[in-house]
Amino acid sequence: MPTLIDLRRRVKSVKNTLQITKAMKTVSSAKLKKAQRTVLERRPQWHNAPDLLDRVVSWAGARAHPLFAVRDERKIHVIVITSDKGLCGAFNSNLLDRTLSFVQEKGARGQVSLSLIGKKAVNFFKKFSYSMERVHAGRVEKLRPEDLDEIARQAMQKFLFQESDAVYVAYNEFKSLLAPRITIARLLPVMRKEGSAGGDAVYPDWEPATPVILQSLVPRYVESQLSHFFFESQASEQAARMMAMDNASKNAEDIITEQVLGLNKIRQAGITRELLEIMTAVEALKEMQ
């Protein structure tokens, strides 16, 4: 049975943990507001861009740009976006398990290479023999738009040189505070959406020429989509960490309540025992008199 001093030390330790979890929740809440604002402000552009490219492809034709080329997926490149830090529930583990299943499925039919963003992805895939061609770990939150554009350009270069036949991105899409949606999206080739009805009956006159427009538009589209996936992941990470720290704080409060109750019971039992000893001594003295 624990003593009073053991319980007091345990309560103090849990209170210190509670202060840490509350502080981390506050920090995550502030970061979430910033990330959420970025995502919500840019989502209209990000979500309308695929429809625009779908129409452009239908107008220009699937052979108008090398990034439209559809090939048998014998060489697959997967970009995995996770966090550097933990303490965010199942944010990383669920994504990595789903990505591993996807990679193993694709790897059974061809070669798979990886670009990893986040320490959690790097540490996870170290256990496997997949080729890791690019790694960003340690400062994921500090990645600049230029860094993301460089990753996108490398993926386009691999596709153009036929070092990969398709490029996918695995990330957590921010849907709500409670549950992000694990998403594996195809980045390359840029293809028309399934079930698309095509462009308008009246085709546009290109000014300047079609190759000039596509040479500028298509790479920028790929870069913006990768930025979209990255910022969605950032918002999902902060939401997951905030919820995890909130649950941890509630659990710590429950433990403190339980331990204080046990401490009070032990202390009351000690007081009762001392009173009984005093009363017994008093009765013994009365009998001696």
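Values quoted throughout were computed directly from the atomic coordinates according to the rules given, and no laboratory measurement underlies them. It should be emphasised that the depicted structure is a prediction, and the values quoted were computed from it without experimental measurement. Here the Cβ positions follow ideal geometry from the backbone for every residue, glycine too, while neighbour counts run over all protein chains shown.
Each of Glu287, Glu232, Glu274, Glu163 was scored by other Cβ atoms within 10 Å of its Cβ. Listed from fewest to most, they are Glu287, Glu274, Glu163, Glu232. Normalising the average separation of contacting C-alpha pairs (under 8 angstrom, six or more residues apart) by the number of residues puts the relative contact order of the stretch 131-289 at 25 percent.
Across all C-alpha atoms in the stretch 42-143, the radius of gyration and Dmax reach 16.8, 48 Å. DSSP beta bridges confined to the chain are antiparallel in about 30 percent of cases.
Across the chain, C-alpha contacts under 8 Å between residues 6 or more apart give a mean separation that, scaled by the residue count, equals a relative contact order of 31 percent. Against the main long axis of the alpha-carbon atoms of the chain, helix 145-160 sits at an angle near 50°. Centroid-to-centroid, using Cα positions, the stretch 223-284 and the stretch 7-32 are 10 Å apart. To the nearest ten degrees, helix 210-288 and the longest principal axis of the Cα atoms of the chain are 10 degrees apart. In a simple Cβ point-charge model (Lys, Arg +1; Asp, Glu -1; nothing else charged), the stretch 82-189 has a dipole of about 300 debye relative to its Cα centre. Taking the helices alone, the chain has a mean residue ellipticity at 222 nm of -22500 deg cm²/dmol, built from -39,500 (n - 2.57) per DSSP H run of at least 4 residues and averaged over all its residues.
Let me know the charge dipole size of the chain about its Cα centre in debye, to the nearest 20, where only the beta-carbon of Lys, Arg (+1) and Asp, Glu (-1) is charged. It would help to have the intermediate numbers written out before the result.
On the way: 44 positive and 33 negative charges, 132 e Å.
Magnitude of the dipole: close to 640 debye.
Find the Rg to Rh ratio for the chain, where Rh is the Kirkwood radius over alpha-carbon pairs and Rg uses the same atoms.
Values: Rg = 29.4 Å, Rh = 22.9 Å.
For the chain, the value is 1.28.
Using a cut-off of 30 Å between Cα atoms, the listed pairs Lys12/Lys119; Lys33/Lys126; Lys25/Lys158; Lys34/Lys127; Lys75/Lys127; Lys126/Lys158 include Lys12/Lys119; Lys33/Lys126; Lys25/Lys158; Lys34/Lys127 as exceeding that distance. Projecting the Cα atoms of Ile5, Leu261, Ser176 onto the dipole axis of the chain, where Lys and Arg carry +1 and Asp and Glu carry -1 at the beta carbon, places Ile5 farthest toward the positive end.
Quick check on the stretch 244-289: take the gyration tensor over C-alpha atoms, sort the square-rooted eigenvalues as a ≥ b ≥ c, and tell me if it's rounded (a/c under 1.5), prolate or oblate. In terms of gyration-tensor shape, prolate. Computed from the alpha carbon atoms alone, the convex hull of the stretch 74-192 holds 116 Å³ per residue. Our summary of shape: the Cα atoms of the stretch 135-260 have principal axis extents of 77, 35, 25 Å, ordered from largest down, in whole angstrom.
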